[in-house]
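One structure is given below, encoded as structure tokens.
The values are calculated or read from the model by the stated rules, or taken from the named source; none is laboratory data. This is a predicted model, so every value here is computed, not measured. Cβ placement follows ideal geometry from the backbone for every residue including glycine, while neighbour counts extend to all protein chains displayed.
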């Protein structure tokens, strides 16, 4: 696998990392993360489409962008992948087409299923998709217990709309899943989470499930 990372900030693109022998014309997958106000700018998608004409391009709104050890705000961070022996397949839906998030997850996993599926990566609109139910829908068909990674979109501090897009400018309500295939692919995963308590103690008396 070979990678290239770049950043879009102040309407200019900058390459952060470029692996030796990386060929953008052979790139199969591009992941882009940025704040809702920038990631939905069609100029961002148009640039990536021109730069990586053979790649699947996934754009996701985020609450912060990371390159190496650095955290950025108000930019778009892009990672492009060129795989040597791995193939990918992408599936997309909108939560509005399904009665529940569980149903949406089940539908997407159906589209990805093949005998050599090694892992799946999901991005979903955090404002209208129930992540736990979405994952449960995937795992209904995950008979080989492959790793499923990904996450929910960021909205910044206003918690308004979030956006995901597959091979087009992102929109709200979208869920994208990427399947990675090939018997020579090895996958590991990890996560780190944490929080600090703040404010007065409050009691939750009701909630609305999405």
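Exactly one residue among 88, 67 is modelled with pLDDT under 95, buried (at least 16 other Cβ atoms within 10 Å of the Cβ) and either within 15 Å of residue 31 (Cβ to Cβ) or under 14 Å from the mean Cα position of the chain (by Cα) (or both), and that residue is 67. Of all residues in the stretch 1-58, exactly one satisfies the criterion of being touching a residue at least 40 places away in the same chain (Cβ under 8 Å), in a helix (DSSP H, G or I) and surrounded by fewer than 14 Cβ atoms within 10 Å (Cβ to Cβ), namely 42.
Of the candidates 169, 177, the single residue that is in contact with a helix residue (DSSP H, G or I) (Cβ under 9 Å, 6 or more places away or on another chain), closer than 27 Å to residue 93 by Cα, in a loop (DSSP other than H, G, I, E, B) and modelled with pLDDT of 90 or more is 169. When the stretch 5-29 is filtered for residues that are under 16 Å from residue 75 (Cβ atoms) and in contact with a strand residue (DSSP E or B) (Cβ under 7 Å, 6 or more places away or on another chain), the ones remaining, listed by number, are 5, 6, 7, 8, 13, 14, 15, 16, 17. Filtering 108, 185 for residues that are at pLDDT 95 or above and within 24 Å of residue 86 (Cβ to Cβ) leaves a single hit, 108.
Let's see how each residue does on (1) farther than 14 Å from residue 177 by Cα; (2) touching a residue at least 12 places away in the same chain (Cβ under 8 Å); (3) in contact with a strand residue (DSSP E or B) (Cβ under 6 Å, 6 or more places away or on another chain):
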| residue | (1), (2), (3) |
| --- | --- |
| 110 | no, yes, no |
| 130 | yes, yes, no |
| 133 | yes, yes, no |
| 145 | yes, no, no |
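Using the structure shown, decide if residue 183 is free of Cβ contacts under 8 Å to residues at least 40 places away in the same chain and either in a loop (DSSP other than H, G, I, E, B) or over 13 Å from the mean Cα position of the chain (by Cα) (or both). Taking the combined requirement at face value, the residue does not satisfy it. Here the condition is being crowded, with 22+ Cβ neighbours inside 10 Å and at negative phi; of 132, 101, it holds for 101 alone. Within the stretch 158-210, the residues that satisfy the criterion of being more than 26 Å from residue 120 (Cβ to Cβ) and surrounded by 10 or more Cβ atoms within 10 Å (Cβ to Cβ) are 159, 160. Evaluating residue 151 against the criteria (1) buried (at least 19 other Cβ atoms within 10 Å of the Cβ); (2) modelled with pLDDT under 95 leaves one unmet condition, (1).
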